[in-house]
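Read through the structure below, which is laid out as C-alpha cells, and then see the notes.
The values are calculated or read from the model by the stated rules, or taken from the named source; none is laboratory data. Just so it is clear, the structure is predicted and the values come from calculations on it, not from any experiment. Counting neighbours? That spans all protein chains shown, and the Cβs are built from the backbone with ideal geometry, glycine included. The accessibility values were calculated without ligands, DNA or RNA, using every heavy atom of the protein model including side chains. Shrake-Rupley method; radii C 1.70, N 1.55, O 1.52, S 1.80 Å.
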Amino acid sequence: MESLYSVKLGKLIQEFNLEVLRGAEGYEDRPIRTENVNRPGLQLTGFFDYFDPKRLQVIGRVETTYLTGLSSDERLLRFDQLLSQNIPALVISRGMEPFPECMEMAEKYDRTILRSQETTSAFMSSIIASLKGYLSPRITRHGVLVDVYGEGVLLLGESGVGKSETAIELVKRGHRLIADDAVEIKRTAANRLMGTAPELIRHYIELRGIGVIDVRRLFGMSAVKDEAEIDMVISLEQWKDGAMYDRLGLENLYTTILDVQVPSLTVPVKPGRNLAVIVEVAAMNNRHKKMGYNAALEFTKQINEHFDQAMSAQNKEA
C-alpha cells in the first residue's frame, strides 16, 4: 500500500552505501512511497500480472543464475520488458556484475541501476525495515517524551501544568529527554509507537522564567536520546477538589494514538507533589505489569483473603 509519506532514493543510496552503476535523470530526488521491495523473478520470465512498478527491484543470485542460462537475445527481451516499466531503481546484490543487456536497456529507458555488496536477503530485510520507518503513519502531539528506566513515558497536559519542569527534574535524576513541546510519533508496527523530536528543537527544552536550554550541552550526551518507544502515557492535570482519582490502580486505562492503545494514567498536580518521583514509580510499575506482576491485584487479593479468613473465624465462633 502506498504511503502518504516518501523518502528520496538518494537518501537510501547514501544510507546503504549503494554503488550507482547508472543514474537516471534526477534519480536522487526520486520519491519512494512504498515499503515493499520486489525480486522480479516472475517478471524475468515474462509474467507481469499484478506487477507494482513503484517498488524497488532487487536481483540476486537466483535471478542471475536464471538469466545466465538464457541467450543474449532472450536476456535483452527480458530486461526490455522489465526496464520499460517506470521502476525507481534496479538493485543488484552481492556485488555481482550487471549483464550488458541490462545496462543497454537501462540506457534506452533511462533507468537507475544500483549495486549492493550485501547478500540479497540481508539487503532486503534491512531496506524494508528502513522504509517502514520512513513511511510509517505519524502524528505530532504537544507533550514531553522521556526515557525513564527504559520505559518511554509521554507526558501530556495543558500548557503550564509542569511537563517540562518534570522532565528536567527527571534528567537531573539520571533519565533521558527525547522531546519537549512537540513529539513526533510514528507507528512502526501494528502495536508499536516510536517517538522523537523535530530536528529543529531536538535536545532543547523550555523552562518558563529561564528560557530555552540545551539539555545535551548542559547535562551531557547521557541526558538525551534521539528516539524511544512509547510505553505509557501520563496526563498531568491541575488538582480538582472533589474529583475522583484512582486510589488502587485496578482499572486499566488506555490512550489511543494512531490506532494503538497505550497504557495511561492521570496524575493530579498540586503544590507539594514530587512529580518526577511519581513518574519514576509509574514507569517501574508499568514495567512490572508487562512482566506479569500487578501490585493492585496482589493487594486486592490479600485484602479479600483477609476478610475471608475473618468471616470464617466469626462463623466458627458463632
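One line per residue, one yes/no per condition, for (1) open to solvent by less than 20 Å² (accessible area, probe 1.4 Å); (2) over 24 Å from Gln261 (Cβ atoms):
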residue	(1), (2)
Val146	yes, no
Glu151	yes, no
Lys172	no, yes
Leu177	yes, yes
Arg187	no, no
Leu193	yes, no
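Where strands (runs of 3 or more DSSP E) fall entirely within region 190-249, those with at least 3 residues that are aliphatic (A, V, I, L, M), modelled with pLDDT of 90 or more and under 30 Å from Thr300 (Cβ atoms) are at 232-238. Only one of the numbered conditions (1) touching a Phe, Trp or Tyr at 6+ places or on another chain (Cβ under 9 Å); (2) over 30 Å from Thr188 (Cβ atoms); (3) of a type in the set (S, T, N, Q); (4) modelled with pLDDT of 95 or more is violated by Asn86, and that is (2). Restricted to region 23-47, and to residues that are closer than 15 Å to Ser93 by Cα and of a type outside the set (A, V, I, L, M, F, W, C), which residue is modelled with the lowest pLDDT? Looking at residues that are closer than 15 Å to Ser93 by Cα and of a type outside the set (A, V, I, L, M, F, W, C), I get Gly41. Residue check: Pro271 meets all listed conditions (1) over 17 Å from Glu151 (Cα atoms); (2) open to solvent by less than 90 Å² (accessible area, probe 1.4 Å); (3) in a loop (DSSP other than H, G, I, E, B) but one, namely (2). Within region 127-144, the set of residues being surrounded by fewer than 18 Cβ atoms within 10 Å (Cβ to Cβ), outside any strand (DSSP E or B) and touching a residue at least 12 places away in the same chain (Cβ under 8 Å) comprises Ile128, Ser130, Lys132, Gly133, Pro137.
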